[in-house]
Structures are given as C-alpha cells and as structure tokens.
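Visitor: I'd like to ask you about the structure that follows.
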Amino acid sequence: MRDVHVLDVTLRDGSHSMQHSYTEAQVRSVARGLNKAGIEYFEVSHGDGLGGSSLQYGLSAVDELKLIEAAVDECSVSKVAVLLIPGIGVKGDLQNAVSVGAKMARVATHVTEADVAAQHINLSRELGLKTAGFLMMAHMADTKVIVEQAKLFESYGAEIVYVTDSAGYLLPHEVTERIRALKEHVSCEIGFHAHNNLSLAMANTLAAIEAGATYIDGSLRALGAGSGNTQTEAIIAVLDRLNIATGVHLYDIIDVANDVMAPMMLRPQEISGSSLMMGYAGVYSSFLLHTEKAAKQFGVDERDILVELGRRKTVGGQEDMIYEVAQSIRATI
C-alpha cells in the first residue's frame, strides 16, 4: 500500500545534468538499484522527452529506445515511464516506447496549452499506459487557469495531472494554492514536480502532499536540470518519518544514490549563482547549460541573460532566445 507514489526522474530530468550522455550500462545499473529499492515508476528518455535528441536540445549519446529497453530488462517490480512533449515527440515515438516495454506516459505541455495534447493522451490510454498530463512552467498561470487546463487533461483521459514547477520559482504557499484547487475541481489524482533553484524543492513537495498530491517526483542525488529536483532518497526518509507509506526501501534507495549514481555524475548537483537566478527570474531549468555556453561565447554575465529571459517570459522550445539575449547584452557593453 502506497499513500504517496514517488516517481524517480534520474534517467530523464537527470539527463540534462549528464549532458544526455547516459550509456546502456549506466542506465542498467541505476534501473537495477531503483527496482531493488521498490520504486514503482521511473522515467527514462532524453531530458526533453521522447524525440528530444537534436542539435537544439542536445544530442543523446545513445538512442533512447535502447536505454528504455535496457531499463525495462532490469525491472521485476518497477515500471518504466516516458515523457513526451507534443511537437518534440510524436505519436510514433510513444508507440515505439511501448514496443520496448514502457508502461507509463507523461504528456507535457506549457501550462496554458493542454489542448495540444489531446491526441497524445488518447493514444497513451489506447496503448494501455498509465497516463498523466504534465503542466510545465506552472508559475506562469494563475490558479484559475491551471484548473481549466487540468480539466482539459482529465477530459482527454489523463489519470493524473501534474503541477510542474519547471523553473523552481514557486513558494510553498503558491504550491498549496494550486494543488488544493485541483483537488477541489478535478477527480483524477494530482502530482507535483519540483525544481530546487530556490532551495525549496523539499518544502514545496511536502506542501503539495499536505494539499493532496499523491504523485511526487524525485531524483537520486537531486540530479536534474537547473539545481535539480527533490532528492529521492531524502524525500523517502522524510515521508518515512511522517509515517507516509511509499513502498520504497530507505537503505536500498540510499545505496543506489550513493554507490551507483554519485560516481557517474559529471559535477555535484548544487545551487549555483546561475541556477539560483533561474528560480528568482522564473526561467525554464533546462536553459542552464545553454546559458552558460552563451555567456562564455559572448563574454557576458549569465545572470544578466537569465534576468532578461525571465522578463521576456521565455518557455521551453525558445532556446534560441538565449543566444539572442546574450548577443544583445554584449552589444550594449
């Protein structure tokens, strides 16, 4: 019995921090550890979801279908989930993921664009997948709009609707307001995905659970875009102290985090000045590495780029704006 379902995103959101360089052997070792720990679902794909391997978003070192298949092969308890952003991934990508063993799909859109996901959610249900709608950049819409968008996801067949703090911008009371409103107005389950850019991922996750969320995301060693996500092993320990059942074995999840994930990390997952500014300005967390590259290329301050991106209310898919902003800042120096 699980009171709260913890979905691990190390092998998807963590791909951003790993520069999409996961190997089959690495995926197998992480999947094996998550399966032993009793994680119900964990996500495997490019950081930007199925079909994300590209020059714009970053090329994967290994085809994602091979990584999904490798992860599935290691699972006797856990199930593999995938993320799909319509326009980056297409229905054929979802069908291919199912052919190699995926059991859950999370269809992600900007917080005001749930309507673009109808066909993908319908297909996911037809394929027999556990199906979630994923409202990204949830800080960019007020609660009324989020409820309207969640109702659309539910009408298409989503069994779970996620409030996704893609920028790590939300404060705990803002999370509580959004989750509580969804609990009052939709009948499907509610999920929450946090980023730690303002060091609030744990606090926001707990606020979401207290307000009624039953699906929450975590990542081993907090590995993810920006400053990363809620740390899986930490949230398992905290929920255990709160007597909230997750079905995950604490020692085993600590072991896979420390013994398997930590040695392969390219750098520590921490709150840097740049990722802190992402949370402050409300910038999409996966913009971090692109912003670092643009700042070096044009010889400008990363923070200035991020503040301007926040002012322009940029969203995922507008990575080209990072370089445009950097160039414009350079021109004023």
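The values are calculated or read from the model by the stated rules, or taken from the named source; none is laboratory data. Nothing here was measured: the structure is a model prediction, and the numbers come from that model. Neighbour counts are summed over all protein chains in view; Cβ atoms, including those assigned to glycine, are modelled from backbone coordinates with ideal geometry. For accessibility, only protein heavy atoms count, side chains too; no ligands or nucleic acids. Shrake-Rupley method; radii C 1.70, N 1.55, O 1.52, S 1.80 Å.
Visitor: Taking only Cα atoms and a 10 Å spring cutoff, compute GNM fluctuations for the chain and point out the largest among ALA194, ALA237, ALA132.
Guide: ALA237
Visitor: Quick one: if the Förster radius is 56 Å, what FRET efficiency do ASP3 and ARG311 give, using the C-beta to C-beta distance and rounding to 0.05?
Guide: 0.85
Visitor: Of the DSSP beta bridges with both residues in the chain, give the percent that are antiparallel, rounding to the nearest 5.
Guide: Restricted to the chain, the bridges split so that about 5 percent are antiparallel.
Visitor: Let me ask something else. With respect to the cross-link table entries LYS144/LYS293; LYS151/LYS313; LYS91/LYS151; LYS144/LYS313; LYS79/LYS144, which display a Cα-Cα separation exceeding 28 Å?
Guide: Exceeds cut-off: LYS144/LYS293; LYS79/LYS144.
Visitor: By DSSP, what percent of the beta bridges with both residues in segment 15-149 are antiparallel, rounded to the nearest 5?
Guide: The answer is about 5 percent antiparallel.
Visitor: Pull up the cross-link candidates among the aspartates and glutamates for LYS66, meaning alpha carbon to alpha carbon under 18 Å and not fewer than 8 places away within one chain.
Guide: Those aspartates and glutamates meeting the cut-off are ASP13, GLU24, GLU43, ASP48, GLU74, ASP93.
Visitor: Mind checking which aspartates and glutamates have their C-alpha under 18 Å from LYS296, skipping anything on the same chain fewer than 8 residues away?
Guide: Once the sequence-local aspartates and glutamates are set aside, what remains near LYS296 is ASP304, GLU308, GLU319, ASP320, GLU324.
Visitor: So I have (i) 0.94; (ii) 0.99; (iii) 1.24, and one of them is Rg/Rh (Cα atoms, Kirkwood Rh) calculated from this model. Which one is it?
Guide: Computing Rg/Rh (Cα atoms, Kirkwood Rh) and matching it to (i) 0.94; (ii) 0.99; (iii) 1.24 gives (i).
Visitor: Moving on. If you roll a 1.4 Å probe over segment 183-333 with all protein chains in place, what percent of the accessible area is carbon or sulfur?
Guide: Its accessible area is 49 percent carbon and sulfur atoms.
Visitor: ARG241 to ILE333: FRET efficiency via 1/(1 + (r/R0)^6), r the Cβ-Cβ distance, R0 41 Å, to the nearest 0.05?
Guide: 0.20
Visitor: Quote the charge dipole size of the chain about the Cα centre in Debye, to the nearest 20; the model charges only the Cβ of Lys and Arg (+1) and of Asp and Glu (-1).
Guide: Value, rounded to 20: 80 debye.
Visitor: Once phi is turned into θ = phi - 60°, what whole-Hz ³J(HN,Hα) does the Karplus curve with 6.51, -1.76 and 1.60 give for every residue of segment 231-244, x standing for Gly and Pro?
Guide: With coefficients 6.51, -1.76 and 1.60, one gets 6, 4, 5, 6, 5, 5, 5, 5, 5, 4, 5, 8, 6, 9 Hz.
Visitor: Next question, about the same structure. Which of THR164, THR112, THR230 ends up with the largest GNM mean-square fluctuation for the chain, with Cα atoms connected below 10 Å?
Guide: Taking springs between Cα atoms under 10 Å, the residue moving most is THR112.
Visitor: Additional query: Can you work out ³J(HN,Hα) from phi for every residue in segment 156-169, in order, using Karplus 6.51 cos²θ - 1.76 cosθ + 1.60 and θ = phi - 60°, giving whole Hz and x for Gly and Pro?
Guide: 7, x, 5, 8, 9, 10, 9, 8, 10, 8, 4, 9, x, 9
Visitor: Follow-up. Kindly report the accessible area of the chain per residue (heavy atoms of protein chains, probe 1.4 Å, no ligands, DNA or RNA), in Å².
Guide: Spelled out: the 1.4 Å probe surface of the chain, per residue, equals 39 Å².
Visitor: Show me, for segment 120-132, the HN-Hα J-couplings you get by feeding each phi into the Karplus relation (A = 6.51, B = -1.76, C = 1.60, θ = phi - 60°), rounded to Hz, glycine and proline as x.
Guide: These are the phi-based 3J(HN,Hα) values: 6, 5, 4, 5, 4, 5, 4, 7, x, 8, 5, 10, 10 Hz.
Visitor: Amide H to amide H under 5 Å from GLY224: which residues, 5+ apart in sequence or cross-chain, H placed 1.01 Å off N in plane?
Guide: Excluding prolines and chain starts, which carry no amide H, the hits are SER17, ASN229.
Visitor: Give me the percent relative contact order of the chain, please, defined on Cα pairs under 8 angstrom at least 6 residues apart.
Guide: 17 percent
Visitor: I've got another one for you. So for segment 42-198, averaging the separation of alpha carbon pairs under 8 Å that are six or more residues apart and normalising by length, what relative contact order in percent results?
Guide: 17 percent
Visitor: Now a separate question. Show the residues, 5+ positions off or on another chain, whose built amide H is closer than 5 Å to the amide H of GLY218.
Guide: Counting only residues 5 or more places away or on other chains, the set is LEU7, ASP8, VAL9.
Visitor: Could you order the peptides 212-225, 56-69, 80-93 from most to least packed, using the average number of other C-beta atoms within 10 Å per residue?
Guide: 212-225, 80-93, 56-69
Visitor: Of MET202, MET277, MET264, which is the most mobile in a GNM of the chain whose springs link Cα atoms less than 10 angstrom apart?
Guide: Top of the fluctuation ranking is MET264.
Visitor: Given a cut-off of under 8 Å on Cα pairs at least six residues apart, what relative contact order in percent is computed for segment 12-60?
Guide: Answer for segment 12-60 is 52 percent.
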